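Asker: There's a structure below that I have some questions on.
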Amino acid sequence: MFELVLFASRPLRVPEFQHALAIADCVDSGLNPVDESFQDCLIVDIKKRIIHCSGNLLEIKGRDGIFPSKNNDYDCLSKVI
């Protein structure tokens, strides 16, 4: 989880991070990320999972750089370090 954010060339948007985690989980099952069944690998309620699993070392910032929005499409992950 941390490697994806730390070594990204730019801040990752929440859906990009969600897909990256799902791809890592689905590689062994032979699913193609464009398959409809790939949607089953996406983590539900990803924002809460990020905060919980990162121990508050990652934060989610909104488009304005401060508050996350209700729409995940433009929220980005950033390091708190």
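Every read-out reported here was derived from the displayed coordinates using simple, explicitly stated rules and does not represent laboratory data. Please read these numbers as outputs of a predicted model, since none were measured by experiment. Don't worry about glycine lacking a Cβ; one is built from the backbone with ideal geometry, like all the others, and counts go over all protein chains shown.
Asker: Quick check: pseudo-label points 7 Å beyond the Cα along Cα→Cβ at residue 2 and residue 47, how many nm apart are they?
Answerer: 2.5
Asker: Sort 6, 21 so the one with the fewest other Cβ atoms within 10 Å of its own Cβ comes first.
Answerer: Values: 6 11, 21 19.
In increasing order of surrounding Cβ atoms, one gets 6, 21.
Asker: Arrange 7, 2 by Cβ neighbour counts within 10 Å, fewest through most, would you?
Answerer: By the 10 Å Cβ count, ascending, the order reads 7, 2.
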